[in-house]
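This is the structure I have questions about; it appears just below.
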Amino acid sequence: MGCGRTGATLATEFEARGHTVAVIDQSGDAFRRLPSGFAGQRITGVGFDRDTLVSAGVEDAYAFAAVSDGDNSNILAARVVRETYGIDNVVARIADFGRAEVYRRLGIPTVAPVPWTSAQIVSRLLPGGSDALYHDPSAGVSLNRLPIDSGWVGKRYTQLEAQTRARVAYLVRFGEALLPDADTLVQEGDEAYFTMLPGAGSVPARVAGRSPEVTR
């Protein structure tokens, strides 16, 4: 539901992967964002209206994404699809981060783009900031980019993991992704992405951001 830039991009991506797609939007003009070769359905109507959903094939759907510009419309449509038609794979885009957390606790997966975007910008503008790429609210696990002090260069990532009590998920080195092993050494310019458990707080960022001699 929603054929803005996000909705049109999702529809195109899913169709490119071989899926049958139906797009719902209140404005027929919104479908101009779809590529000319798009073979899916274009349904003009309200995304939480049951007749509209049925005409889009909701009764046989595998998944539903509510990505219109309205938080209320998105959450209402997501609830109707899940509770009325029993579709388990449902996600709603919610701009209001506080409301997104509430709906997430109610079992409706949500995406809140504003806090994520803000965190990305802040972490890149301010020196020494860590960059949170992903957070699982149910498990509390997060994936963060942590700046590494030059004092760690030449030491094994396993040593850094032991000190930070976090696991290095992957590296980006000279523009290439790398999965570190027990012998991988820290190099200047590495971008390291850490999996962090709940309660880690600022400890991993503080340890990685200092020379290992200081952290002892």
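The values are calculated or read from the model by the stated rules, or taken from the named source; none is laboratory data. All figures in this text were calculated on a predicted structure; none of them were measured in a lab. Cβ placement follows ideal geometry from the backbone for every residue including glycine, while neighbour counts extend to all protein chains displayed.
So which of 48, 14 is touching a Leu at 6+ places or on another chain (Cβ under 9 Å) and not in a strand (DSSP E or B)?
Exactly one of 48, 14 is touching a Leu at 6+ places or on another chain (Cβ under 9 Å) and not in a strand (DSSP E or B), namely 48.
Still on this model: Yes or no: the range 151-165 includes at least one residue that is in contact with a helix residue (DSSP H, G or I) (Cβ under 9 Å, 6 or more places away or on another chain), of a type in the set (A, V, I, L, M, F, W, C) and not in a helix (DSSP H, G or I).
no
Right, residue 81: aliphatic (A, V, I, L, M) and out of contact with any strand residue (DSSP E or B) (no Cβ under 9 Å at 6 or more places or on another chain) or not?
The answer is no for residue 81.
Restricting attention to the range 154-167, does a residue exist that is touching a Ser or Thr at 6+ places or on another chain (Cβ under 8 Å), without any contact (Cβ under 8 Å) to a residue 40 or more places away in the chain and acidic (Asp, Glu)?
no
Kindly establish whether residue 58 is touching a strand residue (DSSP E or B) at 6+ places or on another chain (Cβ under 9 Å) and either among the β-branched types (Val, Ile, Thr) or at pLDDT 95 or above (or both).
Judged against the criteria, residue 58 is a match.
So which pairs qualify, if the first residue must be in the range 33-48 and farther than 14 Å from residue 10 by Cβ and not assigned by TED's automatic domain parsing to the domain that holds residue 9, the second must be polar (S, T, N, Q) and assigned to a loop (DSSP other than H, G, I, E, B), the Cβ gap must be under 9 Å, and the two must be at least 6 apart or on different chains?
From residues that are farther than 14 Å from residue 10 by Cβ and not assigned by TED's automatic domain parsing to the domain that holds residue 9, there are no pairs.
On to the next question. Taking the residues in the range 136-157 that are surrounded by 16 or more Cβ atoms within 10 Å (Cβ to Cβ) and over 15 Å from residue 209 (Cα atoms) as candidates, determine which candidate is modelled with the lowest pLDDT.
142
Exactly one condition in (1) at pLDDT below 90; (2) out of contact with any Pro (no Cβ under 7 Å at 6 or more places or on another chain); (3) not charged (D, E, K, R) is not met by residue 178; state its number.
Among (1) at pLDDT below 90; (2) out of contact with any Pro (no Cβ under 7 Å at 6 or more places or on another chain); (3) not charged (D, E, K, R), residue 178 violates only (1).
Scan the range 1-11 for residues that are under 14 Å from residue 56 (Cα atoms) and either outside any loop (DSSP other than H, G, I, E, B) or of a type in the set (Gly, Ala, Ser) (or both) and jot them down.
Within the range 1-11, 2, 11 qualify.
A quick yes/no check of all residues on (1) more than 14 Å from the chain's Cα centre (by Cα); (2) outside any loop (DSSP other than H, G, I, E, B):
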| site | (1), (2) |
| --- | --- |
| 72 | yes, yes |
| 78 | yes, yes |
| 81 | yes, yes |
| 92 | no, yes |
| 95 | no, no |
| 102 | yes, yes |
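Surrounded by fewer than 16 Cβ atoms within 10 Å (Cβ to Cβ), within 18 Å of residue 111 (Cα to Cα) and out of contact with any helix residue (DSSP H, G or I) (no Cβ under 8 Å at 6 or more places or on another chain): does that describe residue 74?
no
For a quick check of your reading of the model, give me the residue pairs whose first member lies in the range 176-205 and is assigned by TED's automatic domain parsing to the domain that holds residue 163, whose second is among the small types (Gly, Ala, Ser) and assigned to a loop (DSSP other than H, G, I, E, B), with beta-carbon atoms closer than 6 Å and at least 6 apart or on different chains.
Partner pairs satisfying both residue conditions: 185/154; 194/166; 196/166; 198/140; 204/166; 205/130.
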